1. Looking only at the range A:168-185, filter to residues that are outside any strand (DSSP E or B) and out of contact with any Gly (no Cβ under 9 Å at 6 or more places or on another chain); which one of those is farthest from residue B:213 (Cα to Cα)?
2. In the range B:207-226, which residues are of a type outside the set (Val, Ile, Thr) and under 19 Å from residue B:113 (Cα atoms)?
3. When you check residue A:205 against the structure, is it touching a His at 6+ places or on another chain (Cβ under 9 Å) and modelled with pLDDT of 95 or more, yes or no?
4. Tell me whether the range A:155-178 contains one or more residues that are over 25 Å from residue A:19 (Cβ atoms) and in contact with a helix residue (DSSP H, G or I) (Cβ under 6 Å, 6 or more places away or on another chain).
5. Select from the range B:42-60 the residues that are charged (D, E, K, R) and either within 12 Å of residue B:162 (Cα to Cα) or under 13 Å from the mean Cα position of the chain (by Cα) (or both) and list them in ascending order.
6. Let me spell it out: the conditions are (1) under 20 Å from residue A:140 (Cα atoms); (2) not in a strand (DSSP E or B), and residue A:79 meets all of them except one. Which number is the exception?
7. Taking residue A:28 and the conditions (1) more than 27 Å from residue A:153 (Cα to Cα); (2) assigned to a helix (DSSP H, G or I); (3) away from chain B (no Cβ under 14 Å), which numbered condition does it fall short on, given that it satisfies the others?
8. Going by the structure shown, is residue B:59 more than 14 Å from every other protein chain (Cβ to nearest Cβ) and surrounded by 15 or more Cβ atoms within 10 Å (Cβ to Cβ)?
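The values are calculated or read from the model by the stated rules, or taken from the named source; none is laboratory data. Note that the structure is predicted; figures quoted are calculated from it, not measured. Cβ: placed from backbone, ideal geometry, glycine included. Neighbour counts: every protein chain shown.
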Protein chains: 2
Amino acid sequence: MPSNNLYQYSVLSALMSGAASSGAPLSHILSHGTHGLGTFQSLQGELIILDGSAYQIKSDGSVTPDLEKDDPDRIIPFAMVTPFEPTTTSTVSFGSKQELSEKISALLPRTANHFLAFRVDGVFEGVSVRTVGGQISRHEGLVNVGKRQTTKTFPSIRGTIVGFRSPAWFQGISVAGDHMHLISEDRKVGGHLQDLRAGMEGVRLSAATIHRFDLELPEEDDDFRDAQLGVDDEGIRAVEG
Amino acid sequence: MPSNNLYQYSVLSALMSGAASSGAPLSHILSHGTHGLGTFQSLQGELIILDGSAYQIKSDGSVTPDLEKDDPDRIIPFAMVTPFEPTTTSTVSFGSKQELSEKISALLPRTANHFLAFRVDGVFEGVSVRTVGGQISRHEGLVNVGKRQTTKTFPSIRGTIVGFRSPAWFQGISVAGDHMHLISEDRKVGGHLQDLRAGMEGVRLSAATIHRFDLELPEEDDDFRDAQLGVDDEGIRAVEG
């Protein structure tokens, strides 16, 4: 497990086209790293992997912890994961998710053609997260599923953001730009991050540049084989932005 | 070195934008497989890797063999390589490169969202190959370099095609569709394959589906870092089609 390899199972455009009924066992995903994000069979919630533990954040607001112990065979149709060994750490402040992205760019300049892994720890304010609640039919695409997503806001959360940045030219394979999931320190709430600002004392940002991207594609998966995959840039921005 | 992993160094769009001055040593490329293709520093010719041996096909028509022994540190700015363990083999006939692609699709159906590696051995007729001759300035893009490429035709060649197929949605990262280099059995001539037909007795086509794509990006390479990478679909078709 070489440091800061990014392993990805399947491609985002497969979820966009509704291919989310099969995947790899969670234990296989976790064999590639300790820091990651993804989703579940039928798009039932958000996956966050933090310090080697896997959590399912559901649209009813609940969080199921310790999936790696209780359900190692859980099917994961899409995930990104890395061992994550940060090469740089800084205390930062920001007033929006966009400003957080700018802080990451400042910390690791001239990395537009590389992948980044990052983590942010601390108190966040004005937090907005969303969680997808699952497909209502087998091939429902992520954009439609996203229209029914649950959005929650919190005045203040102490917790951690797990994130990846992918090059713009990777749109459709991954999410171009920053993709972040958040979980609270008490592991009670979280979701796909929509917006937030750093708390008064600032937060701790750790990051690493990634030069190696290992993509595993579903093998015996009829939905994936037959999916019409392409780059739906507008759709991805709508649901993952 | 798991079977039929496809390893790729850098991305095609880096060559399109003219980033071809640095890369990985040939020995590093060859540690990932025995069957591959690519190019050289400053786009000086075509790389073909066959049965673990590396050849440089130059625009003057000459072929330099045994690069892995004589020049293991040779800089390779772009390459794709796999151990290649074919899962299916068939004797086929075809009247054009397009028909060869159709034969490959028939041999491995429903693989539009996967990578394929293939090899074709036998006597080919009406062979047309081209070879790029190198950049005339450091950042000259592949499309311009391709405009000066040397094209050669041969009535008949006994030899081998090394090829990869990438999904349409991989355009820019690799060459979408089929990318083939050919070398003669006597290792005297070859190049990037433009057209051909199978000889009277048919040729032997071997292929495998690839579910794992491992991408390594240049690390300490200013040209790569600063390149404006995007998908130049028309340009890629012009030079790699």
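1. Looking at residues that are outside any strand (DSSP E or B) and out of contact with any Gly (no Cβ under 9 Å at 6 or more places or on another chain), I get A:170.
2. B:207, B:208, B:211, B:212, B:213, B:214, B:215 - these are the residues of the range B:207-226 that are of a type outside the set (Val, Ile, Thr) and under 19 Å from residue B:113 (Cα atoms).
3. Answer is no for this residue.
4. no
5. Within the range B:42-60, B:46, B:51 meet the criteria.
6. (2)
7. Residue A:28 satisfies all of (1) more than 27 Å from residue A:153 (Cα to Cα); (2) assigned to a helix (DSSP H, G or I); (3) away from chain B (no Cβ under 14 Å) except (3).
8. So residue B:59 passes the test.
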